[in-house]
Amino acid sequence: MKRAAIAIASGALFGAGLTISGMTDPARVRSFLDLTGQWDPTLAFVMGGAMLPMALAWLIQGRIAQPLGDTGFNLPETRKLDWKLALGAGLFGVGWGLGGLCPGPAIASLSLAPMSVAPFLIAMLGGMALHRFTTR
């Protein structure tokens, strides 16, 4: 129960932050990525602002034995940079640039405009399924 409450509260806080910051607005995201046109720098402040809590989280994680809702931290097992990571990052960037959304903001957008975000979510879920079936 405690773990579910932490997950729900964290997800709600994250979704609210994405919505309030404008990350769920595809037009704003595309304007941020349009460096040669009508560039909108506001999301740089959002991303920069996200770095401070993340830096604090890494500092805290290094000083405690386990997180609040689990028996241990689930950290990446490797730091290896390979072609799969590069391809995935490239696909993520292309999708973000074309769609103006990435997974977090797309899910947060379900509460605001479910029909306009549905094609992106269907494509995202299709890509996840394709990855699962091709990497077994």
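Results, tabulated for the structure shown:
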item	result
Proportion of all alpha-carbon pairs of segment 2-134 beyond 20 Å (%)	60 percent
Computed label-point distance, nm, for sites Thr19 and Ala65 using a 7 Å Cα→Cβ extension	3.9 nm
Ala113 paired with Phe73, simple spin-label distance in nm, labels 7 Å along Cα-to-beta-carbon	3.8 nm
Solvent-free Debye scattering, log10 I(q)/I(0), computed from the Cα coordinates of segment 64-136 at q = 0.13, 0.14, 0.22 Å⁻¹	-0.58, -0.66, -1.02
Gain in span if fully extended, Asp40 to Ser10, counting 0.36 nm per residue against the direct Cα distance	8.0 nm
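FYI, it's all coordinate maths here, none of it is from the lab. Given the structure is predicted, the values throughout are model-derived calculations rather than measurements. A quick note on method: Cβ atoms are made from the backbone with ideal geometry, for glycine too, and the neighbour counts reach across all protein chains shown.
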